[in-house]
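The values are calculated or read from the model by the stated rules, or taken from the named source; none is laboratory data. Predicted model, so just to flag it, every value in this text is computed and none were measured. Heads up, the Cβs are rebuilt from the backbone with ideal geometry, glycines too, and the neighbour counts pull from every protein chain shown. Note: accessible area is taken over every heavy atom of the protein model, side chains too, but ligands, DNA and RNA are not part of it. Shrake-Rupley method; radii C 1.70, N 1.55, O 1.52, S 1.80 Å.
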Amino acid sequence: MKVLAILYNGFNAAVKEPRLLGTVENKTNGLHREVMSLLVSSDKEGPNSDFEKHLVDAEVVITTPFHPGYLTRELMEKAKNLKICITAGVGSDHIDLNAAVDHKIQVLEVTGSNVVSVAEHVVMNILTLVRNFVPAHEMIERGDWQVSDIARNAFDLEGKVVGTIGAGRIGYRVLQRLVPFDCKEHLYYDYAKLPVEREQAIKARRVEDIEEFVSQCDVVTVNAPLHEGTRGLINEKLLSKFKPGAWLVNTARGAICDTDAVAAALKSGDVWNVQPAPKDHPWRTMKNPLGGGNGMTPHYSGTTLDAQARYAAGTKSILENYFEGREQEPANVIVGHGAWATKAYGQR
Ligand code: NAD
């Protein structure tokens, strides 16, 4: 049985740090079993890549959102033996999920494995932006010291309105972590309403219209999966409804934002619409008129060492369940045998 894993290269860091489990070098240690031939590579682009060459006879494909092998309908049609795709992490938008339904290919992810890691990153990003941290630090590295240039664009989070698009595992945890900051309000926009007790626990109020929602927020954080209903959701029209000077933190998926519209309006996050992002991607260098407002990082919020331990263990467990013919954990199943198994990837 052929198992194909597309992971990112860890190079020297992976050699020095064995806990970097999601890398080609450390290949989610312990994954290997007698019954399978495991091929691990980072080479994923184009018809001559290991990904496309080995997909044709692989039964199991393991991919990660941090270095996604894009599994299109066209590739699935060539992958005659493919039975199961496992996402080592959370977010399976790099797989054509509708095509997986049609081809009866199961898609599973390690649900919950890195949601705390991302929620912490979002809180960090919100504080980084609201407090104008990046230009302040850059000023220090440059050898300058001009407090007023930083202070004129630095605020407290206390008293601000923070809203999340998507109040699932990550969105909920973001608002939960913000409770002690005494924000003016916590809002959420999600077609799935939270039970009242869960809303109260994180002081959240649901706003059903997205334009109304963004127009009330000082900070908008995006925590919904990428699917037909969220692709390009943050576009020029919606951005025009944001409060002037609002902050946008998108750690969900880059393609939820329109590249040029966001660059024109400016802000932050750690996810990109093409990964790795090209050197000249406008989000790398965009700045607001005061020289700040950009907290972009590579896509790493959900791949901390703690998260890697959890998603490597989760990947192994999904694989073992598959080998042994055992029932999978229902929360991990995105696409079951020829049918959607989650409501999180859009209303159907
Ligand atoms: P989840 O399934 O627990 O929650 C997603 C929520 O989004 C659900 O409540 C769903 O109803 C809501 N939603 C879906 N479509 C929506 C829409 N059009 N408008 C508003 N709400 C909508 O998922 P999660 O664990 O919170 O993860 C969310 C996403 O975050 C993942 O799908 C993934 O894309 C991203 N993620 C990023 C990283 C990272 O490293 N940056 C790591 C993990 C997850």
(message) Restricting to segment 172-186, name every residue that is under 13 Å from Val219 (Cα atoms), within 16 Å of the ligand (Cβ to nearest atom) and not hydrophobic (A, V, I, L, M, F, W, C).
(response) His186
(request) Of the numbered conditions (1) among the hydrophobic types (A, V, I, L, M, F, W, C); (2) open to solvent by 10 Å² or more (accessible area, probe 1.4 Å); (3) not in a strand (DSSP E or B), Leu39 fails exactly one; give the number of that condition. (result) (3)
(message) Would you confirm whether or not segment 48-61 contains a residue that is among the aromatic types (Phe, Trp, Tyr), surrounded by fewer than 23 Cβ atoms within 10 Å (Cβ to Cβ), farther than 22 Å from Arg173 by Cβ and touching a residue at least 12 places away in the same chain (Cβ under 8 Å)?
(response) no
(message) Just the residues that are open to solvent by 80 Å² or more (accessible area, probe 1.4 Å) and touching a strand residue (DSSP E or B) at 6+ places or on another chain (Cβ under 8 Å), please, taken from segment 164-197.
(response) Lys184, Lys193
(request) Give me a count of the residues in segment 217-244 that are more than 8 Å from the ligand (Cβ to nearest atom), more than 21 Å from Ala204 (Cβ to Cβ) and of a type outside the set (A, V, I, L, M, F, W, C). (result) 8
(request) Give Val161, Val110, Val122 a once-over and let me know the one that is open to solvent by less than 30 Å² (accessible area, probe 1.4 Å), out of contact with any strand residue (DSSP E or B) (no Cβ under 6 Å at 6 or more places or on another chain) and modelled with pLDDT of 95 or more. (result) Val110
(request) Pull up segment 245-280, narrow it to residues that are among the polar types (S, T, N, Q) and under 29 Å from Asp156 (Cβ atoms), then point me to the one that is farthest from the ligand (Cβ to nearest atom). (result) Ser268
